[in-house]
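For reference, the structure is listed below as structure tokens.
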Amino acid sequence: MQLQTKKKYYTIEEYLQLEETAEYKNEYRNGEIIPMVGGITNHNKIAGNFYKRFPLTINNQDYEVYIESVRLWLYEHNFYTYPDLMVIKGEPIYHGTGQSNITNPQIIVEVLSKSTQGYDRGEKFQYYRSLKSFQEYILIDQYNYSVEQYIKQSYNQWSLNFYTEETAILKLSCVPWEISLQDLYQRVNFELTEE
């Protein structure tokens with residue numbers, strides 16, 4: 001006879017309380033708490049390179065950039081997650097009473113790992129597309145020069161650009177800003193592949 005284990009489901013309040021003292025970050029997906037995979041140093045360097053080079057003021061418009069520790073709330077999917085980077089035009093719109101959960105990123109950046117790349121391109125991108133503010137999705141490979149840029153064209157239509165040369169320049173669509181892949185991958189060691 002096989003024993004069946006019952007999944008434990010959590011309320012949003014329980015999840016947020018557990019997350020305050022958790023040693024590692026967790027996603028919340030419709031009642032389930034899913035541990036997030038940790039990254040290697042290349043992951044951190046790439047996200048940091050984007051973060052420190054993105055200006056907070058462009059053409060007299062203010063932007064906020066958040067890296068890894070600010071949660072994103074997606075109401076339509078009952079889903080909390082921690083994107084690697086989020087860019088918000090103007091002021092953040094918060095979910096709840098604190099300043100930990102935002103709802104209005106214009107750009108989301110994810111650094112791909114071997115264990116998460118399918119999820120980041122598939123189900124997670126589907127969740128992100130439910131946000132009205134979301135206009136651009138940048139996926140950065142941490143193992144070689146490779147960036148995918150998804151640009152919203154209309155409600156359910158996105159275009160895709162690939163950047164695969166060290167000399168390529170990633171030009172954002174919804175913000176007049178660019179970064180070379182050389183700068184994006186500065187000090188990244190492609191021989192490091194362990195996770």
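Residue separation times 0.36 nm, minus the C-alpha to C-alpha distance between Lys25 and Ser159: what's the value?
Contour length minus Cα-Cα distance gives 45.1 nm.
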> In the structure shown, do any of Lys114/Lys152; Lys6/Lys114; Lys52/Lys89 have a Cα-Cα gap over 21 Å, and if so which?
Replying inline: Lys114/Lys152; Lys6/Lys114
> With each pseudo-label sitting 7 Å past Cα toward Cβ, what's the Lys114-Asp183 distance in nm, one decimal?
Replying inline: 3.2 nm
>> Taking only Cα atoms of segment 111-161, what ratio of Rg to Rh do you get with Rh as the Kirkwood inverse-distance radius?
In response: 0.98
>> Around Thr167, under 14 Å between beta carbons, what's the net of Lys plus Arg minus Asp minus Glu among the other residues?
In response: -3
>> Quick check: net charge around Tyr155, other residues with Cβ under 10 Å of its Cβ, Lys/Arg +1 and Asp/Glu -1?
In response: +3
> Summing Lys, Arg as +1 and Asp, Glu as -1, what charge do residues with Cβ under 12 Å from the Cβ of Gln135 carry, Gln135 excluded?
Replying inline: +3
>> With N set to the number of residues, divide the alpha-carbon radius of gyration of the chain by 2.2 N^0.38 Å and report two decimals.
In response: 1.06
> Want the number for Ser133 to Tyr94: 0.36 nm per residue separation, take away the alpha-carbon distance, what's left?
Replying inline: 12.7 nm
> Could you give the semi-axes, largest first, of the ellipsoid that matches segment 16-94, computed as the square roots of 5 times the alpha carbon gyration tensor eigenvalues and rounded to whole Å?
Replying inline: 25, 18, 9
> If the label point is 7 Å along Cα→Cβ of Thr57, which residues in segment 63-94 have backbone nitrogen under 20 Å from it?
Replying inline: 63-66, 87-92
> Glu123 to Ile151: extension gain in nm, 0.36 nm per residue of separation minus the Cα-Cα distance?
Replying inline: 8.4 nm
>> Between segment 109-126 and segment 35-52, what is the separation of their alpha carbon centroids in Å?
In response: 14 Å
>> As I understand it, the value is the acute angle between the Cα axis of helix 41-53 and the longest principal axis of the Cα atoms of the chain; what does it come to in degrees, rounded to 10?
In response: 60 degrees
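Every read-out reported here was derived from the displayed coordinates using simple, explicitly stated rules and does not represent laboratory data. Predicted model only: the values in this text are computed from it and were never measured. Reconstructed Cβ throughout: ideal geometry from the backbone, glycine too, with neighbour counts over all protein chains shown.
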